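Undergrad: Below are the structure tokens for one structure; questions will follow.
Please treat every number below as a calculation from the coordinates, not as lab data. Treat the numbers as computed from the prediction; the structure is a model and nothing was measured. Ideal geometry is used to build each Cβ from the backbone, glycine not excepted, and the neighbour counts take in all protein chains shown.
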Amino acid sequence: MSPTADAVGYMLTPLRGWHRGRPSREAAEAFSCGRKPAEPSPPIHHSREAATAAQDENMSSYTRLTYHVVYATKYRRPAILQTLQPRLYEYIGGILRGVNGHLIEIGGTADHVHVLVQLSPTVAVAEVIRDVKANSSKWVNELAEIRDRFEWQKGYGAFTVSYSQIDAVRRYIQNQEEHHRTRTFREEYVEFLKRHNIDFDPSYLFEDEHHG
């Protein structure tokens, strides 16, 4: 048998540790026991890509996404009674907190609502408004004092608000009753769309109630 063959008949690969014709102690022991010597662990190399990925995982993202949301009751009926208003606003605030939102201000009149809210970047504005309208109208209709069905108008307006303008928008919402002494909600809504340079078709702004 060749001196480089082991007892079970396979050929050993050149042994690490054989230098100048003499094996290291570990290699010699492995050879005498009829087994391959353990391969040393390969060195660990930290690539630039791996270091960058680890750094990215530790970096934080920062957002402040504030929206001014406006929507009306169905057919702009004066359905938000004074006795209902504070409870409805509180309920809407609870829905927003449920999606990690922060209600900054809420106000309006009997036929529409203004909501100033800070939202998480992980939620879609359209989905939040859909849930607010659906859940709040359901809650209102379950109240014993509500005789006529309560509904929100289809659609809404949602406008981003810079941090420097938050206080101004808050004051505007707080003074809704005063604002609407001289103009209708339709006029206010159209002004918002024009101010934000949004194209719109006047015939599709609101649902209109038809009689007869």
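Undergrad: Read phi for every residue in the stretch 105-115 and hand back ³J(HN,Hα) as whole Hz from Karplus 6.51 cos²θ - 1.76 cosθ + 1.60, θ = phi - 60°, with x for Gly and Pro.
TA: Whole-Hz 3J(HN,Hα) from phi for the stretch 105-115: 7, 8, x, x, 10, 5, 10, 6, 10, 10, 10.
Undergrad: Please give the peptides 200-206, 96-102, 74-80 ranked by average Cβ packing (other Cβ atoms within 10 Å per residue), highest first, as a rough proxy for protection.
TA: Put in order of decreasing packing, that is 74-80, 96-102, 200-206.
Undergrad: Just how large is the dipole of the stretch 65-204 about the Cα centre, in debye to the nearest 20, putting +1 at every Lys and Arg Cβ and -1 at every Asp and Glu Cβ?
TA: Values: 18 positive and 17 negative charges, 33 e Å.
So the magnitude is around 160 debye.
Undergrad: Would you please give the residues with an amide H less than 5 Å from that of residue 151, counting only those at least 5 places away or on a separate chain, with H modeled from the backbone geometry?
TA: When sequence neighbours closer than 5 places are left aside, the close amide H contacts are 74.
Undergrad: Quick one: Cα centre-to-centre distance for the stretch 175-212 and the stretch 84-126, in angstrom?
TA: So the two Cα centres are separated by 20 Å.
Undergrad: Another question, then. Please give, to one decimal in nm, the separation of the simple spin-label points placed at residue 123 and residue 175, each 7 Å out from Cα toward the Cβ.
TA: Between residue 123 and residue 175, the simple spin-label model gives 3.0 nm.
Undergrad: Per the Cauchy relation, a quarter of the hull surface: what is the mean projected area of the convex hull of the alpha carbons in the stretch 65-204, in nm²? Before the final figure, lay out the partial values.
TA: Values: hull surface 34.1 nm².
Its average projected convex-hull area is 8.5 nm².
Undergrad: Can you pull the one-decimal nm distance between simple spin-label points at residue 147 and residue 59, each 7 Å off the Cα toward Cβ?
TA: For residue 147 paired with residue 59, the spin-label model returns 6.2 nm.
Undergrad: What is the packing order of peptides 62-73, 151-162, 81-92, 188-199, taking the mean over residues of other C-beta atoms within 10 Å and listing the highest first?
TA: Values: 62-73: 17.4, 151-162: 15.7, 81-92: 13.8, 188-199: 12.0.
For the peptides 62-73, 151-162, 81-92, 188-199, the packing ranking is 62-73, 151-162, 81-92, 188-199.
Undergrad: For residue 187 and residue 208, calculate 0.36 nm times their separation in residues minus their Cα-Cα distance, and state this gained length in nm to one decimal.
TA: Fully extending the segment from residue 187 to residue 208 adds 6.0 nm.
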